[in-house]
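Remarks on the structure that follows.
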Amino acid sequence: MADFLVIGAGIGGLATAQALLQLGHRVRVYEAAAELREIGAGVVLGANAMRALDELGLHGAVRPVGTPLTAVRLLDERGRVLNQADTSGFTTRLGYDNLGILRADLQRELLQALPPGIVHLGHRLARFEQTATHITAFFENGEQATAEALVAADGIRSRVRRQLLPASQPRYAGYTCWRAVVHTRTPGLPTAGSSETWGRAGRFGLVPVADGRLYWFACLNSPKANNPVFRTYCVADLQRHFAGFHPPIPQVLAATTDADLLWGDLFDLAPLANFAFGRVLLLGDAAHATTPNLGQGAGMAIEDAAVLARCLRHSPTNLPAAFQAFDQQRRPRTRRIVEQSRQLGMLAQFTPPWLAPLRNAALAAVPDWVTARQMAWLYQEL
């Protein structure tokens, strides 16, 4: 069996470590942070991601800490339904739910599934060297580690990718986002099904997660990243922006404190020509970071881990060949998701206000079979 280094202990890195261990490989995961404190509030795991978790033996641990999402709705700011889909038909056929879950809960379950001593904190990668047979990683703390292969799961600002492809930099999407989690004990807040509201002044999403909690996100256009105008925004500022949006959005904001808010700009990566570089493989956001408009970011990283395991089963001793097989399987699907998610974000965020009624009318006229076809592609391929 082979010896692997995994750089990054986020969702993709932890899922990959589990996949490699199940195949009998030796794994060491190196994480830059001194402690694991996942941020980002909530995520949606589609049925495709849940199936991948099942392949990795993790479904039983993750499923109980999330909330099944049986419907998806797109609304205008007055609350009128533009498009909706009952996802229960797909999930019943697949045998897996779409799940709303807190990112911290997901990371905790993935971490707890690993044996002690696998994850090494406080190891920020400085650089790596590759030979015909081995990889050596050098860390800023002066330590180094050598193995037969390296999997880069170190996120959109991956240091591994920066060394391999210096020109590949995160691509600003043109809008910024606030996130928070509130308790649905507040009357009128949804407890099942996710929704997204598109208005002239921004976009607001609601996703139930476990234990009576609701994850929400709000997006506003910003001409530049790290905009000082938005850096000091508080709940009152968001209430002003979204004052005309339908219930329960005002109630959600009223149930949120300034301390609950997480703020960040949205980025993705222009699709790469390669994920595999000899004994080095890019995976998750390091390879194909996407805007969150299709709800597939975390799911793609989990799918990556499951597909990598399949490729290694077919080429257990030829790691570069397994990495090339992964590259050929994953790039077309992840490219399509990155591009479609970016296009959807452009439609939602950058339609001129005077064109918004026409956009909404067009969305309302989309036949159900078109929505069903898109859902089938997202949820059933792996």
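The values are calculated or read from the model by the stated rules, or taken from the named source; none is laboratory data. Just so it is clear, the structure is predicted and the values come from calculations on it, not from any experiment. Cβ sites come from the backbone with ideal geometry, for glycine too, and all protein chains shown count toward neighbours.
So the values come out like this:
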quantity	calculated
Qualifying positions in the stretch 73-90 - within 17 Å of Leu294 (Cβ to Cβ) and of a type in the set (Val, Ile, Thr)	Thr87
Boolean, Leu282 is modelled with pLDDT of 95 or more, under 25 Å from Arg200 (Cα atoms) and of a type in the set (A, V, I, L, M)	no
Residue in the stretch 157-166 that is in contact (Cβ under 8 Å) with a residue 24 or more places away in the chain, assigned to a strand (DSSP E or B) and either under 27 Å from Thr290 (Cβ atoms) or in contact with an Asp or Glu (Cβ under 9 Å, 6 or more places away or on another chain) (or both) present	no
Odd one out for Tyr96, checked against (1) under 21 Å from Ala301 (Cβ atoms); (2) surrounded by fewer than 20 Cβ atoms within 10 Å (Cβ to Cβ)	(2)
Residue match in the stretch 253-267 (condition: of a type in the set (Phe, Trp, Tyr) and out of contact with any Phe, Trp or Tyr (no Cβ under 8 Å at 6 or more places or on another chain))	no
Leading residue by the ranking (surrounded by the fewest Cβ atoms within 10 Å (Cβ to Cβ)) among those in the stretch 175-193 that are small (Gly, Ala, Ser) and under 21 Å from Asn83 (Cβ atoms)	Ala192
Any hit, the stretch 287-299, residues being buried (at least 24 other Cβ atoms within 10 Å of the Cβ), modelled with pLDDT of 95 or more and more than 18 Å from Pro170 (Cβ to Cβ)	yes
The one condition in (1) in a strand (DSSP E or B); (2) touching a helix residue (DSSP H, G or I) at 6+ places or on another chain (Cβ under 6 Å); (3) at pLDDT 95 or above that Ala85 fails to fulfil	(3)
Pairs where the first residue, in the stretch 325-347, is farther than 14 Å from Glu303 by Cα and the second is among the hydrophobic types (A, V, I, L, M, F, W, C), C-beta under 6 Å, 6+ apart	Ala325/Cys311; Ser341/Leu294; Gly345/Ala173
Pair list, Cβ < 9 Å and 6+ apart or interchain, from the stretch 361-374 residues that are in contact (Cβ under 8 Å) with a residue 40 or more places away in the chain to residues that are in a helix (DSSP H, G or I)	Leu363/Leu347; Ala372/Gly89; Ala372/Phe90
